[in-house]
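Reading through the structure tokens given below for one structure.
The values are calculated or read from the model by the stated rules, or taken from the named source; none is laboratory data. Just so it is clear, the structure is predicted and the values come from calculations on it, not from any experiment. When we count neighbours, we look across all protein chains shown, and the Cβ atoms used for this are built from the backbone with ideal geometry, even at glycine. When the accessible area is computed, the model is the full protein with side chains, heavy atoms only, and any ligands, DNA or RNA have been set aside. Shrake-Rupley method; radii C 1.70, N 1.55, O 1.52, S 1.80 Å.
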Amino acid sequence: MKISSVYSDGFARSVGLRKRDIVVGLPEPIRGVRKFDTFLGQLLARYQPGDRVQLTVVRNGKRITISGPFPKWFSEETTVP
């Protein structure tokens, strides 16, 4: 899954992703994930707020592992009246 943008207060920044990174693992390989919603579902199934997230990415042609905290705000529910 290619990262097309990174927001200053977003999940990508909190775990160290950069624009144009290609996420290829969690750290095991992920296949067929092209949409952020699918990727998000996999993250929510694995991590709790405060957990250290590890991602395998291709950055500038090199495969690296990055990590960062899974943010609390990312998993909070919101309700609509």
Here, TYR7 and ARG52, labelled 7 Å along Cα→Cβ, have an inter-label distance in nm of 2.7
Cα gyration tensor shape for the stretch 1-48, rounded if a/c is under 1.5, else prolate or oblate: oblate
Residue-normalised accessible area of the stretch 1-43, expressed per residue, 1.4 Å probe, Å²: 65
With θ set to phi - 60° and the Karplus curve 6.51 cos²θ - 1.76 cosθ + 1.60, what are the ³J(HN,Hα) couplings of the stretch 60-66 in order, to the nearest whole Hz, using x for Gly and Pro? 6, x, 10, 7, 9, 10, 10
Which of the following values of mean projected area of the Cα convex hull in nm² was calculated from the structure shown: (i) 6.7; (ii) 5.0; (iii) 5.7? (iii)
